[in-house]
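Next up is a structure, given as structure tokens.
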Amino acid sequence: MKATAIAHPNIALVKYWGKRDEKLILPHQSSLSVTLGPLAVTTTVEFTGQKGPDQIEINGKVAEGGERKRVEEALKLVRLEAGAKKKLGAARMVSRGDFPASAGLASSAAAFAALSVAARSAAGFGRDTKAESILARRGSGSASRSIEGGFVRWNRGKRADGKDSFAEQLFDERHWPELRLLVGMVSREEKEVKSRDGMRSTVETSPYYPAWAKDAEREVKEIVRFIKRRDLEAVGEIAERNAWRMHATALGANPPLCYLKPATLEVIEACRQLRKQGVGVWFTLDAGPNPVLLTSATDEARAVALVKAHGASEVVQCRPGGDARLV
């Protein structure tokens, strides 16, 4: 009745931005990401068999508000799947990440992926990546892509019940061993507008949104063949273009949404200048100020120096991470 799981965050190379169903968290378009190791969230879930409220602790604090509600909903879904005979009862959940939350690093993705794996295991279910991905999606859309490692595609799906909207691994973490992903920490502040609120506002008010969704779906199909042949330049160009278009769509919302900081733009411009010198480095950016640079092991040192020279207090050096796992 107790299990602990570890999951890694991911960075989308083709972004998820906007829901067609808010309750089930179904996206308007497919997305594709790479899992980030060694960053991780560790989550323990214990079903007590007793009546009473769930006990939920996240990063050393008792969870409250919407954060608590999302975890409670995930635990409720596990109880429903287990059925009345198992009498799982109230749960104790403790979750802790080793990187900043709410700074554009997909902390909720790792958290709900770890929760899904741990909760289903504690309830007596065997590993099932599809079921885990669907459960993780109900907590945070991008969490569906953190169940498996390497390069993962979250399929939009067509069904109204969401049973065909889950993520699947295309290439594991060993596919591209020389790829490096560098998280430039230009800000550790929590976002003023959380991703789910920003998405809703963008979908409802940005005139550019329909074009964004159509373009992103096309980009998912396009980038897969470049990942397959490990073409860093082609992957980097798509990742940059897709990130700009996502943020442009958010800037077109009412009121405009801007997740970028001055240092974010400095790093982005520096990447462009460094490429002119023959260094292979490209950026991507989720809904937050911290750019993630895509580069190779050969150019990693120069890319790290670039980010530090343009305002980053820290550079987190990552490579493709592995599957969520039980420990």
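The values are calculated or read from the model by the stated rules, or taken from the named source; none is laboratory data. The model shown is predicted, which means the values in this text are computed figures rather than measured ones. For neighbour counting, all protein chains shown are included, and Cβ atoms are generated from backbone atoms with ideal geometry for every residue, glycine included.
Are any residues in region 121-137 of a type outside the set (A, V, I, L, M) and touching a helix residue (DSSP H, G or I) at 6+ places or on another chain (Cβ under 6 Å), and if so, which ones?
Keep residues of region 121-137 that are of a type outside the set (A, V, I, L, M), which gives 121, 124-130, 132-133, 137.
Result: E132, S133, R137.
Per-residue answers, yes or no, for (1) touching a strand residue (DSSP E or B) at 6+ places or on another chain (Cβ under 9 Å); (2) closer than 24 Å to V41 by Cβ; (3) modelled with pLDDT of 90 or more:
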residue	(1), (2), (3)
I268	yes, no, yes
Q273	no, no, yes
G278	no, no, yes
W282	yes, no, yes
R302	yes, no, yes
L306	yes, no, no
R319	yes, yes, yes
G322	yes, yes, yes
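Test A248 against the criterion of being in a helix (DSSP H, G or I), in contact (Cβ under 8 Å) with a residue 24 or more places away in the chain and farther than 16 Å from S30 by Cα, and give yes or no. If you could, list the steps in order and put the result at the bottom.
Numbers: in a helix (DSSP H, G or I): yes; in contact (Cβ under 8 Å) with a residue 24 or more places away in the chain: yes; farther than 16 Å from S30 by Cα: yes.
Yes; evaluated as a whole, the condition is true for this residue.
Let me ask something else about it. Take V62 and decide whether it is crowded, with 23+ Cβ neighbours inside 10 Å and among the aliphatic types (A, V, I, L, M).
Working: crowded, with 23+ Cβ neighbours inside 10 Å: no; among the aliphatic types (A, V, I, L, M): yes.
Criteria not met by V62.
Name the helices (runs of 4 or more DSSP H) wholly within region 119-238 that hold at least 1 residues that are over 20 Å from the mean Cα position of the chain (by Cα) and not assigned by TED's automatic domain parsing to the domain that holds A7? Walk me through how you get there before you give the answer.
On the way: elements: 129-139, 195-205, 209-228.
In region 119-238, 195-205, 209-228 are the helices (runs of 4 or more DSSP H) which contain 1 or more residues that are over 20 Å from the mean Cα position of the chain (by Cα) and not assigned by TED's automatic domain parsing to the domain that holds A7.
Here's another thing I want to ask about it. Those residues that are surrounded by fewer than 24 Cβ atoms within 10 Å (Cβ to Cβ) and either among the β-branched types (V, I, T) or in contact with a strand residue (DSSP E or B) (Cβ under 7 Å, 6 or more places away or on another chain) (or both), I need them from region 156-165; list them, please. Before you say what the answer is, go through the steps one by one.
Applying the first criterion (surrounded by fewer than 24 Cβ atoms within 10 Å (Cβ to Cβ)) to region 156-165 yields 156-164.
Once the filter is applied, which keeps residues that are surrounded by fewer than 24 Cβ atoms within 10 Å (Cβ to Cβ) and either among the β-branched types (V, I, T) or in contact with a strand residue (DSSP E or B) (Cβ under 7 Å, 6 or more places away or on another chain) (or both), region 156-165 yields R156, G157, G162.
For the structure I just gave you, tell me whether V94 is buried (at least 23 other Cβ atoms within 10 Å of the Cβ) and among the β-branched types (V, I, T). Talk me through it step by step, then tell me what you get.
Values: buried (at least 23 other Cβ atoms within 10 Å of the Cβ): no; among the β-branched types (V, I, T): yes.
Answer is no for this residue.
Quick one: R302 ticks every box in (1) touching a Gly at 6+ places or on another chain (Cβ under 7 Å); (2) farther than 30 Å from T205 by Cβ bar one, so which box is it?
It fails just one condition, (1).
A quick yes/no check of all residues on (1) in contact with a helix residue (DSSP H, G or I) (Cβ under 8 Å, 6 or more places away or on another chain); (2) at pLDDT 95 or above:
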position	(1), (2)
L88	yes, yes
A101	yes, no
S107	no, no
I147	yes, yes
R153	yes, yes
F171	yes, yes
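Which residue is surrounded by the most Cβ atoms within 10 Å (Cβ to Cβ), if the candidates are limited to region 37-50 and must be more than 21 Å from R138 (Cβ to Cβ) and in contact with a Lys or Arg (Cβ under 8 Å, 6 or more places away or on another chain)?
G37
OK, next. Hey, could you check region 304-314 for residues that are outside any loop (DSSP other than H, G, I, E, B) and either basic (K, R) or in contact (Cβ under 8 Å) with a residue 12 or more places away in the chain (or both) and say which is surrounded by the most Cβ atoms within 10 Å (Cβ to Cβ)?
Narrowing region 304-314 to residues outside any loop (DSSP other than H, G, I, E, B): 304-309, 314.
Narrowing the set further to residues that are either basic (K, R) or in contact (Cβ under 8 Å) with a residue 12 or more places away in the chain (or both) leaves 304, 306-309, 314.
Details: V304: 19, L306: 24, V307: 28, K308: 14, A309: 11, E314: 13.
The selected residue is V307.
Here are P289, P262: which of them is under 17 Å from the mean Cα position of the chain (by Cα) and either touching a residue at least 60 places away in the same chain (Cβ under 8 Å) or farther than 20 Å from A40 by Cα (or both)?
Details: P262 fails: under 17 Å from the mean Cα position of the chain (by Cα).
None of the others qualify; the one that does is P289.
Related question: Run down A301, A234 and say which single residue is within 24 Å of S187 (Cα to Cα) and surrounded by fewer than 19 Cβ atoms within 10 Å (Cβ to Cβ). Outline the logic, then answer.
Values: A234 fails: within 24 Å of S187 (Cα to Cα).
The unique qualifying residue is A301.
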